[in-house]
1. Across the stretch 9-36, which residue is nearest to G67 (Cα to Cα) among those that are of a type in the set (D, E, K, R) and surrounded by 15 or more Cβ atoms within 10 Å (Cβ to Cβ)?
2. Just to be sure I understand the filter: pairs with C-beta atoms under 8 Å, separated by 6 or more residues or on different chains, first member in the stretch 92-111 and surrounded by fewer than 17 Cβ atoms within 10 Å (Cβ to Cβ), second member modelled with pLDDT of 85 or more. Which pairs pass?
3. Kindly indicate whether any position in the stretch 7-27 is over 19 Å from L123 (Cα atoms), among the basic types (K, R) and touching a residue at least 24 places away in the same chain (Cβ under 8 Å).
4. Among the candidates D59, D54, which residue alone is touching a Lys or Arg at 6+ places or on another chain (Cβ under 6 Å) and either among the charged types (D, E, K, R) or surrounded by 15 or more Cβ atoms within 10 Å (Cβ to Cβ) (or both)?
5. Within the stretch 70-85, can one find any residue that is part of a loop (DSSP other than H, G, I, E, B) and hydroxyl-bearing (S, T, Y)?
6. Going residue by residue through the stretch 201-216, is there one that turns out to be of a type in the set (V, I, T), modelled with pLDDT under 75, part of a helix (DSSP H, G or I) and not assigned by TED's automatic domain parsing to the domain that holds V88?
7. Report, ordered by the first and then the second residue, all pairs with beta carbons closer than 6 Å, sequence separation of six or more or different chains, a first member in the stretch 29-52 that is within 21 Å of D3 (Cα to Cα), and a second member that is surrounded by fewer than 16 Cβ atoms within 10 Å (Cβ to Cβ) and hydrophobic (A, V, I, L, M, F, W, C).
8. Just checking, does the stretch 122-133 include any residue being in contact with a helix residue (DSSP H, G or I) (Cβ under 6 Å, 6 or more places away or on another chain), at pLDDT below 85 and hydrophobic (A, V, I, L, M, F, W, C)?
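The values are calculated or read from the model by the stated rules, or taken from the named source; none is laboratory data. If you're wondering where the values come from, they're calculated on a predicted model, not measured in any experiment. Methodologically, a virtual Cβ is constructed for each residue, glycine included, from the backbone with ideal geometry; neighbour enumeration extends over all protein chains shown.
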Amino acid sequence: MPDLAGRSILIVEDDEQTREYLAGALTAREHPPRVVTAHSLDAGRAQLDLDPPDVLLVDLGLPDGSGIELIRHARRSAPGTLSMVITVFGDESSLIGALEAGARGYLLKSEAPADLHAAVVHLLGGGSPISPAIASHLLRRFAVPPVTAEAGGEGASLTHREREVLELMVRGLSYQEMANALDITRNTATSHIRSIYRKLEVRSKTEAVYEAISRGIVTVDAAD
């Protein structure tokens, strides 16, 4: 099955422009998924009960309640649905509340990946897409001890420029912001990021951030 073809996705977001953007990011492929949208908690709950989707993408700040309530509802009534948050709320209470309710991914709108399609594919493949700033926060909260990269290890093999890119990635900068900060082109930044992924043996920005901090390649202080 190509990518998301045959999959169903429910987007619950009160802002019409954002709903259209998210739907467009998911359907702009040759084999798009079936996307349904809702603008409120009640409408989302009704749609979940009527036709449980493969994936629920939900904002937390809905006009008639919190998206966390919808995640809990999905967990009870549609156990086969995978829930992922897309929100502006990056505080600990919202994050932990969503994860405890059953969310499998947590993206900040300010850092949502340009390719939301890939994030949903990652989610359905068993992954947990999480914005880099959120990953950094989780590492701080649970005090993951750094593992010093040994000589010749993955961390040691990174070039100076790749370490600079990785540090900016941990800080949550977008690809274009990294390029601007380092006075390089976006294509060059992307090339460095691909090399970082290969050397750290990761497949996403979130995994790269986790490895960078947990291995001690980039310190938590550098991420502040």
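1. Taking the stretch 9-36 first, the residues of a type in the set (D, E, K, R) are 13-16, 19-20, 29-30, 34.
Subset that is surrounded by 15 or more Cβ atoms within 10 Å (Cβ to Cβ): 13-14, 19, 34.
Details: E13: 9, D14: 11, R19: 15, R34: 21 Å.
Looking at residues that are of a type in the set (D, E, K, R) and surrounded by 15 or more Cβ atoms within 10 Å (Cβ to Cβ), I get E13.
2. S110/V88
3. No - not one qualifying residue is present in the stretch 7-27.
4. None of the other options fit; the residue is D54.
5. Applying the first criterion (part of a loop (DSSP other than H, G, I, E, B)) to the stretch 70-85 yields 78-81.
In the following step, the residues that additionally are hydroxyl-bearing (S, T, Y) were identified as 81.
Yes; the residues of the stretch 70-85 include at least one that is part of a loop (DSSP other than H, G, I, E, B) and hydroxyl-bearing (S, T, Y).
6. yes
7. Short answer, once both residue conditions are applied: H31/A5.
8. Within the stretch 122-133, one or more residues are in contact with a helix residue (DSSP H, G or I) (Cβ under 6 Å, 6 or more places away or on another chain), at pLDDT below 85 and hydrophobic (A, V, I, L, M, F, W, C).
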